[in-house]
1. Can you tell me, using C-alpha contacts under 8 Å and at least 6 residues apart, the relative contact order of the chain as a whole percent?
2. Can you compute the modelled spin-label distance between ASN2 and TYR163, with each label point 7 Å from Cα toward Cβ, in nm?
3. If you plug each phi of the stretch 148-153 into the Karplus form 6.51 cos²θ - 1.76 cosθ + 1.60 with θ = phi - 60°, what whole-Hz ³J(HN,Hα) values come out, in order, with x for Gly and Pro?
4. Contour minus end-to-end for ALA299 and HIS286, with contour as 0.36 nm per residue of separation and end-to-end as the Cα-Cα distance?
5. Normalise the Cα radius of gyration of the stretch 95-298 by 2.2 N^0.38 Å (N = residues in it) and let me know the number.
6. Got a sec? Charge dipole of the stretch 309-449, +1 on Cβ for Lys and Arg, -1 for Asp and Glu; which of ALA376, SER356, SER448 is way out at the positive end?
7. Kindly identify the chain as rounded, prolate or oblate by the Cα gyration tensor criterion: order the square roots of the eigenvalues as a ≥ b ≥ c, call it rounded if a/c is under 1.5, otherwise compare a/b with b/c, prolate if a/b is larger, else oblate.
8. State the volume of the convex hull built on the alpha-carbon positions of the stretch 306-412, expressed per residue in Å³ and rounded to an integer.
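Derivation of every value follows stated rules applied to the coordinates shown; laboratory data play no part. Worth saying up front: this structure is predicted, and the values here are computed from it rather than measured. With ideal geometry, Cβ positions are generated from the backbone for all residues, glycine too; neighbour counts draw on all protein chains shown.
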Amino acid sequence: MNIHFISIGGSAMHNLALALQAKGDTITGSDDAIFEPSKSRLATKGLLPESMGWFPEKIHSGLNAIILGMHAKADNPELIKAQELGLTIYSYPEFLYEHAKNKTRVVIGGSHGKTTITSMILHVLKYHNVEVDFMVGAQLDGFDRMVHLTEENEVIVLEGDEYLSSPIDLRPKFHLYKANIALLSGIAWDHINVFPTFENYVDQFSIFVDTMVKGGMMVYFEEDEVVKKVVEETSNQIKKYPYKTPEYTIEDGATILDTIEGEIPLEIFGKHNLQNLEGARSICFHLGIGEEAFYEAIADFKGASKRLEKIAENDQTVVYKDFAHSPSKVGATTKAVREQYPNRKLLACLELHTYSSLNEDFLKEYEGTLEGADEAVVFYSPHAVKIKRLKEVTEEQIANAFKRDDLIIYTEPKAFKKYLFEQNLKDTALLLMSSGNYGGLDFEELKSLL
């Protein structure tokens, strides 16, 4: 097929472009800005646009399909040209469904943990040489791309994002996949710019359950009361398989999983990650991987990129970075590091970077999320607030939201970096949580602190 990507530079979009090229399709694309690592990865395969911008002349009747990214706008000149020509236009999830409509579709959903759970499943399947198609939201060790598509594989594993599909398709992505097998890890309000109330947000997960194929299998975290209610009250005729937090202990900084196969030391840690592991185990069981085989494979799983990723360590200090940005993720990650290193000072730094986290009405959801830290810092950029066209957020509002009298707040990248690099990190666990980079912080440079 001849396929053109409008907004080819996004993390998900460029991975799909690379996957389709590897499958044998002819790919072109456009974007108005492309950053690393997308830029280099596209250039290596000859897919980097010669010039940045939108070029309607790239759109012609010889194209079999257009794939439209969320970064583009509804008035994009290439999109308008494609509509005028009557070309087939897919959103990212629409295209994945079209590719996978005759496969067994395994969809991992939830406000948190879905990238990690999907990564765990793929790690175990790869360990046992089980070939599947997949799409996951992070780069994984041992995998070339975040997307892999074939004609022959019978199963596809999809991370099910609840965010919108495209500028002209405002349905959440995971509504389009029509799962045969699904998982819900938890529901905690996010994306306030799209789902203005908690009830509206929860409705999206109810719709997701209702879109499942009749007779399908739903694995769900029963300790989350909202998830439990959503799944157990559906009228869809599906099989339901609850899971809960497994038994574990922590010995000398290592997490030990208590299983029917005996005690298994893990590379990952944190109660939330043990819950993720249990969900992944259940999904793998439905894909034919028994418990013994699962535990053998999961023992050396080190985590998905940017998910509680250890970036530096010596005898006295350990530094983690984590993608956590929503309140539930921030709270879970902070508690995990606190539990793993009870005898060390925990310095937790959070960047408020997303639309939701910079919304004055949403800020109160962060109350108590950093209480496990001995010292807590919040960084946010007033410039980012302006770019997102949000109402100004003040330091006082942030301090009131977190309900922590000793909260340290920075709004300038240089000042935050100066603070960080002046810290004595002896006997310290440093945790950096953000979906951004603190205004340009070089994480590699942090290693010089040790």
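1. Contact order relative to length: 11 percent.
2. 3.2 nm
3. Once rounded to whole Hz, the list reads 9, 10, 9, 8, 8, 5.
4. 2.7 nm
5. 1.00
6. Most positive-ward Cα: SER356.
7. Details: a/c = 1.56, a/b = 1.19, b/c = 1.31.
Taking the square roots of the gyration eigenvalues as a ≥ b ≥ c, the chain is oblate.
8. Spelled out: Cα convex hull of the stretch 306-412, divided by residues, is 101 Å³.
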